[in-house]
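A short worksheet on the structure shown next.
The values are calculated or read from the model by the stated rules, or taken from the named source; none is laboratory data. Model, not experiment: these values are computed from the prediction. Here the Cβ positions follow ideal geometry from the backbone for every residue, glycine too, while neighbour counts run over all protein chains shown.
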């Protein structure tokens, strides 16, 4: 029986990989959901072996194991927001898409995780095709960074115009909305949101740092939490981007590689 007590907190669900160093994946998502005022739940798709310097391997969960994690959660809680991250195999992607089609889960924020910050490939071409065909049309918003957008679309992206073209192509491939993140480009930190053809640009001064571990996970989780709170997509992206920028600025500088960011910074819902 679903608990519908009027004072219950909003529940957010992440379906993603586990990073034992705590900077990315479900741990980063849980920290973010909590900071944005949501009760965090999680289903693990892959156990990765990593730290701030590198990803050393992974053991993926079966599609059945992912499904058996998710079903008890949605049978017990009303889920207000969902975010997907690392979905490592075609079978897992197909199962996650099936869950969205067969249940009352809200449309997810899909972070198409294909490569770690350190350069480790987290998804093969077969799984990527399944993500495009099965999950992309179910997404509330897709949040690729430049390398991810390039791999999915086949385009080379070097500037704002390329980001716009990639976002449009991804919408033509089935996404309702696309946020192309421009952190890999020189200059300011520019993100391009294409929502049903309406373009919104998000600009922040770029912080020169190596403290970028888990930024994509955190941004997608922040957007999902804001959508769960009833915010419109543009406001959700703005609040999540401000949070990530502040979290980078106040990063703890841990480890010998790409430091995790600081998930304890305050959330600025308003600009």
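One line per residue, one yes/no per condition, for (1) at pLDDT below 95; (2) closer than 14 Å to residue 227 by Cα; (3) surrounded by fewer than 21 Cβ atoms within 10 Å (Cβ to Cβ):
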site: 2; (1), (2), (3): yes, no, yes
site: 5; (1), (2), (3): yes, no, yes
site: 14; (1), (2), (3): no, yes, no
site: 19; (1), (2), (3): no, no, no
site: 23; (1), (2), (3): no, no, no
site: 43; (1), (2), (3): no, no, no
site: 46; (1), (2), (3): no, no, no
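Applying the selection to the stretch 205-225, what residues are buried (at least 17 other Cβ atoms within 10 Å of the Cβ), out of contact with any strand residue (DSSP E or B) (no Cβ under 8 Å at 6 or more places or on another chain) and over 14 Å from residue 111 (Cβ atoms)?
Within the stretch 205-225, the subset buried (at least 17 other Cβ atoms within 10 Å of the Cβ) is 211-225.
Narrowing further to those that are out of contact with any strand residue (DSSP E or B) (no Cβ under 8 Å at 6 or more places or on another chain): 212, 215, 218, 222.
Across the stretch 205-225, the qualifying residue is only 212.
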Let me spell it out: the conditions are (1) more than 19 Å from residue 28 (Cβ to Cβ); (2) in contact with a strand residue (DSSP E or B) (Cβ under 9 Å, 6 or more places away or on another chain); (3) touching a residue at least 40 places away in the same chain (Cβ under 8 Å), and residue 269 meets all of them except one. Which number is the exception? (2)
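For the stretch 149-171, does any single residue satisfy the condition of being assigned to a loop (DSSP other than H, G, I, E, B), touching a helix residue (DSSP H, G or I) at 6+ places or on another chain (Cβ under 8 Å), within 16 Å of residue 219 (Cβ to Cβ) and touching a residue at least 24 places away in the same chain (Cβ under 8 Å)?
Kept after step one, since they are assigned to a loop (DSSP other than H, G, I, E, B), are these residues of the stretch 149-171: 154-159.
Retained after the next criterion (residues that are touching a helix residue (DSSP H, G or I) at 6+ places or on another chain (Cβ under 8 Å)): 155-157.
With within 16 Å of residue 219 (Cβ to Cβ) added as a condition, the list becomes none.
Scanning the stretch 149-171 turns up no residue that is assigned to a loop (DSSP other than H, G, I, E, B), touching a helix residue (DSSP H, G or I) at 6+ places or on another chain (Cβ under 8 Å), within 16 Å of residue 219 (Cβ to Cβ) and touching a residue at least 24 places away in the same chain (Cβ under 8 Å).
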Do we find a residue being in contact with a strand residue (DSSP E or B) (Cβ under 7 Å, 6 or more places away or on another chain), over 26 Å from residue 53 (Cβ atoms) and crowded, with 16+ Cβ neighbours inside 10 Å anywhere in the stretch 241-264? yes
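Output the residues belonging to the stretch 122-148 that are in a loop (DSSP other than H, G, I, E, B), in contact with a strand residue (DSSP E or B) (Cβ under 9 Å, 6 or more places away or on another chain) and under 21 Å from residue 89 (Cα atoms).
In the first step, residues of the stretch 122-148 are kept if they are in a loop (DSSP other than H, G, I, E, B); the result is 122-124, 139-140, 143-144.
So of that shortlist, the ones also in contact with a strand residue (DSSP E or B) (Cβ under 9 Å, 6 or more places away or on another chain) come out as 122-123, 139-140, 143-144.
122, 123, 139, 143, 144 - these are the residues of the stretch 122-148 that are in a loop (DSSP other than H, G, I, E, B), in contact with a strand residue (DSSP E or B) (Cβ under 9 Å, 6 or more places away or on another chain) and under 21 Å from residue 89 (Cα atoms).
Can you tell me how many residues in the stretch 90-111 are within 17 Å of the chain's Cα centre (by Cα) and either at pLDDT below 95 or in a helix (DSSP H, G or I) (or both)? Give the steps one after another, and end with the answer.
Step one: filter the stretch 90-111 for residues within 17 Å of the chain's Cα centre (by Cα), giving 92-93, 96-97, 100, 105-111.
If we keep only those that are either at pLDDT below 95 or in a helix (DSSP H, G or I) (or both) too, we end up with 92-93, 96-97, 100.
Qualifying residue count, the stretch 90-111: 5.
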Residue check: is residue 53 outside any strand (DSSP E or B), surrounded by fewer than 24 Cβ atoms within 10 Å (Cβ to Cβ) and over 18 Å from the mean Cα position of the chain (by Cα)? yes
